[in-house]
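Q: What follows is a structure written as structure tokens; I'll ask about it next.
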Amino acid sequence: MSGPHRIAILGGGPAGLYCGLLLKKADPTREVTILERNPPTVTYGWGVVFSDRTLDSFQRADPRSYEQIINRFVIWDAIDVRYRGTTIHCGGHIIASIASRDLLGILQQRCAELGVTLRFGTMVDDPAALADCDLLIAADGIHSTVRQAQEAVFEPQITLGKAHYIWLGAERVLDAFTFIFHDTPHGLFQVHAYPFSGTTSTFIVECADHVWRAAGLDRADEAASLAFCQELLATDLGGVALQSNNSKWIQFPSLTTKTWHATLGLGPPVVLLGDAAHTAHFSIGSGTKLAMEDAIALAAALDAQPDVVTALAAYETERRPVVELFQRAAAESRSYFETLYRYVNLPPVPFAFHLLTRSGRITYDDLRLRDPHFGALVDSTYSGVSSARVVPPPLLTPLHLRERTLLNRVALPARPTCPAHDGLPPAAWTAAFTAQAAAGAGLIVTPISAVTSDGRITPDDAGIWSNAQAVAWEHITAAVHAAGPARLLLQVGHAGRRGATRPRAGGLDRPLPTGTWPLIAASALPYTPQSQVPQALDRAGMDTIRAAFVRAAEQADKAGFDVLQIHAAHGYLLAGFLSPLTNQRADEYGGNLANRLRFPLEIVIAVRAIWPFDKPLAVALSVTDGVRGGTVEDAVTVARALREAGCDLITVQAGQTTPAGEAPYGRGFLTPLAARIRNEAGIATLVGGYLTTANEVNTVLAAGRADLCLMEPVDNWH
């Protein structure tokens with residue numbers, strides 16, 4: 001066999017033990033020594049969850065230990081969500097767990113059978129003491145002595161979670177993985193509970209930092225913490241007592257490292273394994289499995305490659321992408337539980353669906369396949385239809401906004417290919433709009449129409465500042481309404497400092513020759529170094545712009561549009577007032593958020609006053625600038641103010657406030673922002689972000705993350 005002969009493994013947890021037995025099994029002549037600081041029977045956990053019961057890689061790696069592990073599994077296929085006195089049941093998940101002590105015992109016994117040297121109660125403070133081996137494997141956990149001794153090499157980053165949690169047990173057998181939520185005078189507590197043996201279950205109690213402090217748990221010792229949780233879970237424990245195992249309130253440490261292996265001068269090569277290299281939040285139940293799969297990959301690489309250095313590189317190349325994928329999902333899940341208070345307004349069924357889809361790994365279609373009864377419950381709850389034989393999915397559920405009803409929750413953008421002329425939408429645009437109506441959209445969204453001729457982004461843009469433009473638009477709206485029940489949303493806006501640019505086919509934000517038309521903005525700041533310097537609006541200019549938006553709304557009503565949307569995103573004029581990055585005014589329209597909001601709010605109030613009461617009014621809002629400056633909390637405050645001013649719908653956007661803005665573009669990247677605006681500001685949201693399938697849309701809607709979804713391309717949804 002190839003590979004190192006003398007191997008030292010620091011850490012006798014599942015990762016270290018499993019790696020040791022696999023290395024010894026592959027080459028019985030190897031000297032494999034595992035050093036563990038604790039006695040063999042000591043473990044500070046309760047039960048270990050495996051996200052599935054198949055563990056095919058374990059079976060291939062070592063059938064003997066695999067059989068012993070699965071024979072000790074407690075297996076269930078359901079998740080229960082206890083919330084507001086209701087239990088929501090969802091089956092088909094197939095999750096397995098095993099007592100931590102049992103897992104360690106199986107692996108210790110298997111190591112002994114194979115001749116691995118196990119040295120318990122051995123503290124290694126300086127890894128240099130192990131310099132006589134051919135390979136040092138650091139499986140010594142989040143506080144790895146080996147990694148800490150070479151931080152400059154491994155470059156670890158540990159980020160503590162915002163929530164506090166404590167790991168407890170109880171001799172009570174649950175028949176499902178159970179999420180429990182209790183609202184108390186101190187705030188919300190959540191519990192992750194699951195069985196791990198025939199007699200005992202784990203209860204992980206978690207809460208936000210401010211709740212933890214309000215309850216006095218920052219001052220509570222182990223006994224006081226146990227007593228508090230006992231009272232908190234009195235109705236869930238059925239009279240049994242909670243148990244502690246050196247249990248303390250902690251914050252989850254999320255660990256990443258720049259590299260997992262290194263050759264350290266005169267010492268042996270070193271490689272990190274499991275929690276010494278990476279961690280993933282316990283709420284996705286994959287930490288131990290990931291660590292043991294690391295062991296499988298490392299053992300295989302050491303036997304397949306010609307030398308240790310090549311083997312360690314191959315190991316990291318194989319495992320890092322897999323682990324990072326889980327870490328991203330775990331980060332989403334952790335963030336969800338840390339900010340759960342944002343979603344307690346949801347009724348029980350959408351709350352449960354939101355929870356189950358929190359990490360992005362499980363979708364609407366997955367849950368319907370796993371448990372058709374739960375899927376039917378989600379659909380009937382969302383639609384409000386319980387007696388019909390066929391209940392529509394969320395995507396096909398009508399949406400009522402004021403006195404307008406959208407046939408379904410799909411919005412489609414109309415993107416005409418030929419340019420407007422002097423702001424007039426040509427007759428050829430009709431085909432682009434009627435095509436979206438024929439596709440079955442509930443709402444069709446126009447490009448931005450300028451409220452003044454010098455408010456256009458490019459010369460090819462349409463406008464809505466004249467009667468002639470209103471008449472041209474009326475021909476389009478009439479054709480769409482004749483084609484079907486689709487509603488039309490007209491976006492109106494002013495480009496501000498992003499105006500007077502070449503058509504987008506010629507590049508983004510490339511300015512037209514100087515003097516084509518003057519620009520205005522909140523402050524005299526050009527958008528790019530090549531852009532015109534805009535004139536900062538004075539009060540008289542604000543009055544003119546406000547009147548232009550009012551006139552555009554009047555024309556939009558004449559043209560027959562069903563919904564009007566004021567564009568206050570992407571660094572255009574109104575967005576420029578909202579962001580501290582672009583609003584550097586020293587008057588009452590600059591400075592704090594209330595002042596920055598003043599002028600955009602004037603526009604919305606003035607437009608709402610003349611826009612027909614029965615027609616919805618929307619605002620497109622940049623919820624984040626994508627750079628340091630404005631915060632999502634600011635956007636929630638803005639959305640609340642817009643709602644109070646008569647806005648019915650927020651279209652969630654991000655970035656482009658400045659050229660340096662970088663939103664995290666990717667599938668569904670706007671959805672978390674829409675969820676925050678919807679659930680914290682209490683207003684309906686329209687969200688896009690590269691949503692292309694019915695499954696994605698149904699997942700967003702059923703979870704209460706948005707009320708409408710902008711989809712593209714058309715061919716993928718119907």
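Q: Give the residues of the stretch 662-702 that are hydroxyl-bearing (S, T, Y) and not in a loop (DSSP other than H, G, I, E, B), sorted by residue number.
A: Of everything in the stretch 662-702, those that are hydroxyl-bearing (S, T, Y) and not in a loop (DSSP other than H, G, I, E, B) turn out to be T671, T685, Y690, T699.
Q: Further, regarding this structure: Going by what's in this entry, would A556 be described as open to solvent by 50 Å² or more (accessible area, probe 1.4 Å), in a helix (DSSP H, G or I) and either touching a Ser or Thr at 6+ places or on another chain (Cβ under 9 Å) or closer than 21 Å to M711 by Cα (or both)? It would help to see each step written out before you state the result.
A: Working: open to solvent by 50 Å² or more (accessible area, probe 1.4 Å): no; in a helix (DSSP H, G or I): yes; either touching a Ser or Thr at 6+ places or on another chain (Cβ under 9 Å) or closer than 21 Å to M711 by Cα (or both): yes.
So A556 does not fit the description; no.
Q: Which of the numbered conditions does L649 fail, given that it passes all the others? Conditions: (1) within 30 Å of V378 (Cα to Cα); (2) in contact with a helix residue (DSSP H, G or I) (Cβ under 8 Å, 6 or more places away or on another chain).
A: Among (1) within 30 Å of V378 (Cα to Cα); (2) in contact with a helix residue (DSSP H, G or I) (Cβ under 8 Å, 6 or more places away or on another chain), the lone unmet condition for L649 is (2).
Q: Right, another one. Just checking: which of the strands (runs of 3 or more DSSP E) contained wholly in the stretch 70-174 hold 3 or more residues that are polar (S, T, N, Q) and surrounded by fewer than 20 Cβ atoms within 10 Å (Cβ to Cβ)? First the steps, then the outcome.
A: On the way: elements: 74-83, 86-99, 117-119, 135-138, 156-160, 164-170.
Per the criteria, no element qualifies.
Q: Additional query: Looking only at the stretch 430-456, filter to residues that are in contact with a helix residue (DSSP H, G or I) (Cβ under 6 Å, 6 or more places away or on another chain) and within 16 Å of L574 (Cβ to Cβ); which one of those is least open to solvent (accessible area, probe 1.4 Å)?
A: V451
Q: Here's another thing I want to ask about it. Within the stretch 248-263, is there a residue that is more than 30 Å from G92 (Cβ to Cβ), among the hydrophobic types (A, V, I, L, M, F, W, C) and over 29 Å from the mean Cα position of the chain (by Cα)?
A: Residues of the stretch 248-263 more than 30 Å from G92 (Cβ to Cβ): 248-251, 253, 255-263.
Still in the running and among the hydrophobic types (A, V, I, L, M, F, W, C): 249-250, 255, 260, 262.
Subset that is over 29 Å from the mean Cα position of the chain (by Cα): 262.
Yes, the stretch 248-263 has at least one match.
Q: Cβ-Cβ under 8 Å, sequence separation 6+ or interchain: first residue in the stretch 539-552 and free of Cβ contacts under 8 Å to residues at least 60 places away in the same chain, partner open to solvent by 50 Å² or more (accessible area, probe 1.4 Å). Which pairs?
A: The qualifying pairs are G541/Q535.
Condition check ((1) charged (D, E, K, R); (2) free of Cβ contacts under 8 Å to residues at least 24 places away in the same chain; (3) within 22 Å of N408 (Cβ to Cβ); (4) not in a strand (DSSP E or B)) across all residues:
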| position | (1), (2), (3), (4) |
| --- | --- |
| A482 | no, yes, yes, yes |
| P485 | no, no, yes, yes |
| L489 | no, no, yes, no |
| V492 | no, no, no, no |
| R497 | yes, no, no, yes |
| A505 | no, yes, no, yes |
| D509 | yes, no, no, yes |
| P513 | no, yes, no, yes |
| W517 | no, no, no, yes |
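Q: Condition first: touching a Leu at 6+ places or on another chain (Cβ under 9 Å), β-branched (V, I, T) and either open to solvent by 60 Å² or more (accessible area, probe 1.4 Å) or within 29 Å of A468 (Cα to Cα) (or both). Can you find one or more residues in the stretch 515-538 that meet it?
A: Yes, there is a match, as at least one residue in the stretch 515-538 is touching a Leu at 6+ places or on another chain (Cβ under 9 Å), β-branched (V, I, T) and either open to solvent by 60 Å² or more (accessible area, probe 1.4 Å) or within 29 Å of A468 (Cα to Cα) (or both).
Q: Still on this structure, please answer the following. If a residue must be open to solvent by 20 Å² or more (accessible area, probe 1.4 Å), closer than 18 Å to I566 by Cβ and among the hydrophobic types (A, V, I, L, M, F, W, C), how many such residues does the stretch 458-468 contain? Let's see the steps before the verdict.
A: Filtering the stretch 458-468 for residues open to solvent by 20 Å² or more (accessible area, probe 1.4 Å) gives 459-461, 465-468.
In the following step, the residues that additionally are closer than 18 Å to I566 by Cβ were identified as 461, 465.
Those left that are additionally among the hydrophobic types (A, V, I, L, M, F, W, C): 465.
Number satisfying all stated conditions: 1.
So that you can scan it fast, the table gives a plain yes or no per residue for (1) open to solvent by 10 Å² or more (accessible area, probe 1.4 Å); (2) under 18 Å from G20 (Cα atoms); (3) in a strand (DSSP E or B):
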| site | (1), (2), (3) |
| --- | --- |
| L255 | no, no, yes |
| T259 | yes, no, no |
| G267 | yes, no, no |
| V270 | no, yes, yes |
| D275 | yes, yes, no |
| T288 | yes, yes, no |
| A295 | no, yes, no |
| A300 | yes, yes, no |
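Conditions tested, residue by residue: (1) within 28 Å of the chain's Cα centre (by Cα); (2) not aliphatic (A, V, I, L, M).
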{"site": "Q327", "(1), (2)": "yes, yes"}
{"site": "L340", "(1), (2)": "yes, no"}
{"site": "G360", "(1), (2)": "yes, yes"}
{"site": "T363", "(1), (2)": "yes, yes"}
{"site": "R370", "(1), (2)": "yes, yes"}
{"site": "L395", "(1), (2)": "yes, no"}
{"site": "R402", "(1), (2)": "no, yes"}
{"site": "H421", "(1), (2)": "no, yes"}
{"site": "T430", "(1), (2)": "no, yes"}
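Q: Now, a different point. Just name the residue that is farthest from Y527 (Cα to Cα) out of those in the stretch 583-608 that are small (G, A, S) and without any contact (Cβ under 8 Å) to a residue 40 or more places away in the chain. I'd like the intermediate steps shown before the answer.
A: Of all residues in the stretch 583-608, those small (G, A, S) come to 586, 590-591, 594, 606.
Filter once more, so that each one left must be without any contact (Cβ under 8 Å) to a residue 40 or more places away in the chain: 586, 591, 594.
Details: A586: 20, G591: 20, A594: 24 Å.
Checking each candidate, the answer is A594.
Q: Restricting attention to the stretch 585-595, does a residue exist that is more than 31 Å from the chain's Cα centre (by Cα), buried (at least 18 other Cβ atoms within 10 Å of the Cβ) and among the hydrophobic types (A, V, I, L, M, F, W, C)?
A: Checked the stretch 585-595: no residue is more than 31 Å from the chain's Cα centre (by Cα), buried (at least 18 other Cβ atoms within 10 Å of the Cβ) and among the hydrophobic types (A, V, I, L, M, F, W, C).
Q: Check off (1) open to solvent by less than 10 Å² (accessible area, probe 1.4 Å); (2) out of contact with any strand residue (DSSP E or B) (no Cβ under 6 Å at 6 or more places or on another chain); (3) of a type outside the set (A, V, I, L, M); (4) not in a loop (DSSP other than H, G, I, E, B) for T582 and give me the number that stays unchecked.
A: Looking at each condition in turn, T582 falls short on (4).
Q: Another question about this same structure. Kindly indicate which of L355, L340, L395 is among the hydrophobic types (A, V, I, L, M, F, W, C) and in contact with a Phe, Trp or Tyr (Cβ under 7 Å, 6 or more places away or on another chain).
A: Exactly one of L355, L340, L395 is among the hydrophobic types (A, V, I, L, M, F, W, C) and in contact with a Phe, Trp or Tyr (Cβ under 7 Å, 6 or more places away or on another chain), namely L355.
Q: Scanning the stretch 175-228 for residues that are in a loop (DSSP other than H, G, I, E, B), aliphatic (A, V, I, L, M) and crowded, with 19+ Cβ neighbours inside 10 Å, which turns out nearest to the chain's Cα centre (by Cα)?
A: Taking the stretch 175-228 as the starting set, the residues that turn out to be in a loop (DSSP other than H, G, I, E, B) are 175-176, 185-186, 196-200, 208, 215-216, 220-221.
Of the ones still in play, those that are also aliphatic (A, V, I, L, M) are 176, 208, 215, 220.
Still in the running and crowded, with 19+ Cβ neighbours inside 10 Å: 176, 208, 215.
Values: A176: 25, A208: 18, A215: 29 Å.
That would be A208.
Q: Also, quick follow-up: Please specify each residue of the stretch 273-310 satisfying the condition of being under 27 Å from H5 (Cα atoms), touching a Ser or Thr at 6+ places or on another chain (Cβ under 6 Å) and among the small types (G, A, S).
A: Once the filter is applied, which keeps residues that are under 27 Å from H5 (Cα atoms), touching a Ser or Thr at 6+ places or on another chain (Cβ under 6 Å) and among the small types (G, A, S), the stretch 273-310 yields A276, A277.
Q: Please verify whether A609 is out of contact with any Cys (no Cβ under 8 Å at 6 or more places or on another chain), among the small types (G, A, S), modelled with pLDDT of 95 or more and open to solvent by 20 Å² or more (accessible area, probe 1.4 Å), treating the condition exactly as stated. Give the derivation first.
A: On the way: out of contact with any Cys (no Cβ under 8 Å at 6 or more places or on another chain): yes; among the small types (G, A, S): yes; modelled with pLDDT of 95 or more: yes; open to solvent by 20 Å² or more (accessible area, probe 1.4 Å): yes.
Answer is yes for this residue.
Q: What's the number of the condition T671 fails, among (1) crowded, with 21+ Cβ neighbours inside 10 Å; (2) in contact with a helix residue (DSSP H, G or I) (Cβ under 7 Å, 6 or more places away or on another chain); (3) touching a residue at least 40 places away in the same chain (Cβ under 8 Å)?
A: (3)
The values are calculated or read from the model by the stated rules, or taken from the named source; none is laboratory data. Source: prediction; values computed, not measured. Counting neighbours? That spans all protein chains shown, and the Cβs are built from the backbone with ideal geometry, glycine included. Ligands, DNA and RNA are excluded from the accessible area calculation, which covers all protein heavy atoms including side chains. Shrake-Rupley method; radii C 1.70, N 1.55, O 1.52, S 1.80 Å.
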